[in-house]
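J.: Mind looking over this structure? Questions follow.
Where a number appears in this text, it was derived from the coordinates with a stated rule and is not lab data. This one's a predicted model, so the numbers in the text were calculated from it and none came from an experiment. Cβ placement follows ideal geometry from the backbone for every residue including glycine, while neighbour counts extend to all protein chains displayed.
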Amino acid sequence: AILRMTPWSKSKKKRMRKLKAKQQVSSSSASASTSKPTMMSAVSSAENQSSVVIAAAMNTVTEHGKNESENENLKKHNQLIESFKNRLSGGRFRELNELLYTAESQVSFSKFTSEPELFEQYHKGFRNQIQSWPVNPIDVICKWLIKLRSNSAFDTSITVADFGCGDAKLAQQLLSHGERFKVHSFDLVAPSNENHDLVTPCDMSNVPLKNNSFDIAVFSLALMGTNIADFLREAHRVLRVGGSIKIAEVRSRFEGTRDIPEDENTSTSKKKKKKEKKISLLEEFIDIMTEKLGFELVHMD
């Protein structure tokens, strides 16, 4: 077959130009549609990055809130544990307190010497008790002694024997005044703190001091035991003539009365009948101090 090229007519050329232009427009549209997802992808990537940053910030805030919550729970937990410890300490203190009040001093001395941890348990509870008191008697006695030294004609140091000294707080305070005071502290056990060397362990009814060698004897909440009269006799032994004994005790120990028998002769019988007489515990204590133990009451708060 023989094919022959024939020239296009004007109308055909015009149609072909229109068709080519249409194809070029279609090609541009296709190209534009192809590049659009790339741009959208970039925007999406930026949004994701922003989302990651925001999520991280939210996570930080969440972790901070979590930490605060954990710290608050830990604080409440520690407070609860401390409360239980205080209750146990208070119960142990009352148990040991009962032991010290109802046993002779020699028995208490032997027990606390063989189990020195009891001393720490007792005084831990004792310190907790003091925190709720309006005043600590040791502070009152210390101020009294300092005032006594300032207003007196003592040429030498005032010698003080602290019976049942506990943590030796009185000695610690007075020794800060230099040579104005010499303090000897006694208790069942020496404390395991910085005041250990200030305390001489012994039975309060038998302290290692010479007769008539001290100016002041102190019993601050220390009259504990069934033989407290022996403590007071021992204080009388070590005090010089004219020396003073300073006693601080809780009021409840002296409140109330006690019935004591009083013999009375009757005209109808030669037999003696017993009649009850009431006496306050404070009056009885003072009578024993003045009539039997050789002291004279100078002042009572």
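J.: Evaluate E = 1/(1 + (r/R0)^6) for LYS210 and ILE146, where r is the Cβ-Cβ distance and R0 equals 25 Å; express this FRET efficiency to the nearest 0.05.
T.: 0.45
J.: Something else now. Efficiency by 1/(1 + (r/R0)^6): what FRET value for GLU95 and THR156, r their Cβ-Cβ distance, R0 = 41 Å, to the nearest 0.05?
T.: For R0 = 41 Å, the calculated efficiency reads 0.40.
J.: Past the 25 Å Cα-Cα mark, which pairs from LYS246/LYS277; LYS143/LYS278; LYS124/LYS147; LYS182/LYS210; LYS124/LYS292; LYS143/LYS292?
T.: Too far apart for the 25 Å limit: LYS246/LYS277; LYS143/LYS278; LYS124/LYS147; LYS124/LYS292; LYS143/LYS292.
J.: State, as an integer percentage, the relative contact order of the range 140-236 based on alpha-carbon contacts under 8 Å between residues 6 or more apart.
T.: Answer for the range 140-236 is 28 percent.
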